[in-house]
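Notes to accompany the following structure.
The values are calculated or read from the model by the stated rules, or taken from the named source; none is laboratory data. All figures in this text were calculated on a predicted structure; none of them were measured in a lab. Heads up, the Cβs are rebuilt from the backbone with ideal geometry, glycines too, and the neighbour counts pull from every protein chain shown. Protein only, heavy atoms only, side chains kept; ligands, DNA and RNA dropped before computing areas. Shrake-Rupley method; radii C 1.70, N 1.55, O 1.52, S 1.80 Å.
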Amino acid sequence: MAKRQPIGFFDSGVGGISVLKKAVELLPYEDFIYFGDSVHAPYGDKDVEIIRKMSFDAMDFLLSFDCKAIVVACNTATSAAIEEIREKYSHIPVIGIEPALKVAIDHTEDGKILVLATIRTLQENKFRKLSEKYAESRKIISLPLPGLVEIIESGDQYQQRSYDYLRDALEKVDRDISAVVLGCTHYPFVKPSLRRIFGEDVLIVDGSEGTARHLKDVLVEKNLLSADDNDGSVRIFNSSKDKRFIDLSKSLLEENIDQI
Ligand code: DGL
């Protein structure tokens, strides 16, 4: 596998851009290919078999560019399909993403943790095992947010729709929490709305940074890190013919979500 080959990323839509962004910052000399499957978004309310099929299609598309590693930049696809993907594409390193519960627990002394994710992510065994692991030390509350991915995919520029949606969805949820875990790669893009609702004292974390670091570790371990010191490139593709998704992906890649 040549070091100069690109790294592939895929998600159900524009959400995985939040992970790609961290990877580009950490690995500036790499070339990246991003595939968003906006035609089929959301994945979060679909059956496992359908998500697996769509994940295989995304993998085949990315591998047509001879990628040296693939990041499944989607919690839902990771939950439903990561084992099957690794089995089918065993010749290539595949990195998944999971809700950053450990980060939230490590960075708060006590208090409840709220996990926001898709229906599928919260229903799968992977999340059940993960939350059982930490349930002794903390109370973990989980809440699915069906419909939020669609709002983000529609390009909610001023975050009015996402704010209204989240205000209603979180109305009955315990506000006495110390951290919110964003267990869907779309959700970092509505951090301003979440900040408005939770205020400044609640920690809001997501898995993008940990996933980018894991990707780097895997590339180092397999001796696949680009040896080139010219800036790398990012190419973005989408299953939709509507150019709006490419434009939205590019603008989200530029967005500064870290300061919020
Ligand atoms: N970005 C996907 C995730 O991380 C969104 C899932 C969906 O399409 O419902 O889970």
Report task. Looking only at segment 18-28, decide whether some residue is farther than 17 Å from Lys126 by Cβ, more than 13 Å from the chain's Cα centre (by Cα) and buried (at least 24 other Cβ atoms within 10 Å of the Cβ). Result -> no
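Just to be sure, is Pro146 surrounded by fewer than 20 Cβ atoms within 10 Å (Cβ to Cβ), at pLDDT 95 or above and within 12 Å of the ligand (Cβ to nearest atom)?
On the way: surrounded by fewer than 20 Cβ atoms within 10 Å (Cβ to Cβ): yes; at pLDDT 95 or above: yes; within 12 Å of the ligand (Cβ to nearest atom): yes.
Yes.
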Query - Test: residue in segment 71-84 that is over 25 Å from Glu255 (Cα atoms), open to solvent by 10 Å² or more (accessible area, probe 1.4 Å) and among the polar types (S, T, N, Q) - result: yes
Report task. Looking for whichever is within 16 Å of the ligand (Cβ to nearest atom), in a helix (DSSP H, G or I) and modelled with pLDDT of 95 or more here; the options are Thr185, Thr211. Which one fits? Result -> Thr211
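Quickly run through segment 27-47 and pick out the residues that are assigned to a loop (DSSP other than H, G, I, E, B) and in contact (Cβ under 8 Å) with a residue 40 or more places away in the chain.
Leu27, Pro28, Tyr29, Glu30, Asp31, Asp37, Ala41, Pro42, Tyr43, Gly44, Asp45, Lys46
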Requested in this report: Taking the residues in segment 94-134 that are away from the ligand (no atom under 16 Å from the Cβ) and buried (at least 20 other Cβ atoms within 10 Å of the Cβ) as candidates, determine which candidate is nearest to Ser178 (Cα to Cα).
Outcome: Ile113
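Could you pull out the residue among Pro6, Pro42 that is open to solvent by 10 Å² or more (accessible area, probe 1.4 Å) and away from the ligand (no atom under 12 Å from the Cβ)? Steps first, please.
Details: Pro42 fails: away from the ligand (no atom under 12 Å from the Cβ).
Answer to the check: Pro6.
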